[in-house]
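Heads up, the thing below is written out as structure tokens.
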Amino acid sequence: MKEEEREMLETGETAENSSDSGMSKKEMIENVIYLIVVVLLAVAIHTYVGERTTVDGLSMYDTLDDGDSLWLDKLTYRFRDPERFEIVVFPMPEHEFYIKRIIGMPGETIRIDENGTIYVNDEPLDEDFGYETIEKNEIGRAGSGVTLGEDEYFVMGDNRNNSMDSRTYEVGNISRDRLRGRAVFRMWPLSKIGGIR
């Protein structure tokens with residue numbers, strides 16, 4: 001054995017270098033496992049717990065504004081039914097998502113009269129979410145009354161005269177299985193950060 005190798009063995013350099021090499025592999029494996037766990041947690045949160053969404057348009061004005069960034073709660077509806085006046089997100093064709101407020105609940109009949117008053121089972125709905133009084137030409141199919149099925153909801157935008165919602169045949173009644181979640185928190189802009197009414 002050469003003198004240089006003997007010195008390295010005596011000082012422990014070779015063993016140390018070997019140990020460093022082993023630690024690097026171990027650290028690399030730990031980092032890969034950590035990364036996989038983080039990705040799986042992120043996917044699980046996005047799929048089952050919640051996600052960020054951005055408002056596009058003014059159909060929910062003045063509750064929500066164009067460009068508002070929201071947190072969408074996807075967990076609550078796994079444990080309870082949606083409630084009246086909650087703001088929900090649901091898919092439409094062409095991979096679009098709409099954001100509206102629940103007005104009518106399963107089994108109810110929703111009607112809007114010529115004065116823009118909303119009736120639930122022939123009783124005026126006590127609410128103040130509408131930005132404006134509904135105009136006659138915006139009553140849509142609710143003018144003659146819409147009866148909801150056992151898992152259907154009637155949704156409307158708060159900007160009642162500028163919203164495509166359940167008053168139109170294009171949107172219609174929304175079944176529960178289409179509800180992606182409820183908007184619960186505004187993250188942006190900072191001046192409006194907080195819970196959503």
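Y119 passes all but one of (1) exposed (fewer than 14 other Cβ atoms within 10 Å of the Cβ); (2) modelled with pLDDT of 95 or more; which number fails?
(1)
Can you tell which of I102, I112 is in contact with an Asp or Glu (Cβ under 7 Å, 6 or more places away or on another chain) and either surrounded by 11 or more Cβ atoms within 10 Å (Cβ to Cβ) or more than 28 Å from G194 (Cα to Cα) (or both)?
Matching residue, one of I102, I112: I102.
Just checking, which of L64, L41, L75 is among the aliphatic types (A, V, I, L, M), farther than 19 Å from D177 by Cα, assigned by TED's automatic domain parsing to the domain that holds W188 and under 18 Å from the mean Cα position of the chain (by Cα)?
Going through L64, L41, L75 in turn, the sole match is L64.
The values are calculated or read from the model by the stated rules, or taken from the named source; none is laboratory data. Not measured: the values here are computed from a predicted model. Here Cβ is always computed from backbone atoms with ideal geometry, including for glycine, and neighbour counts include all displayed protein chains.
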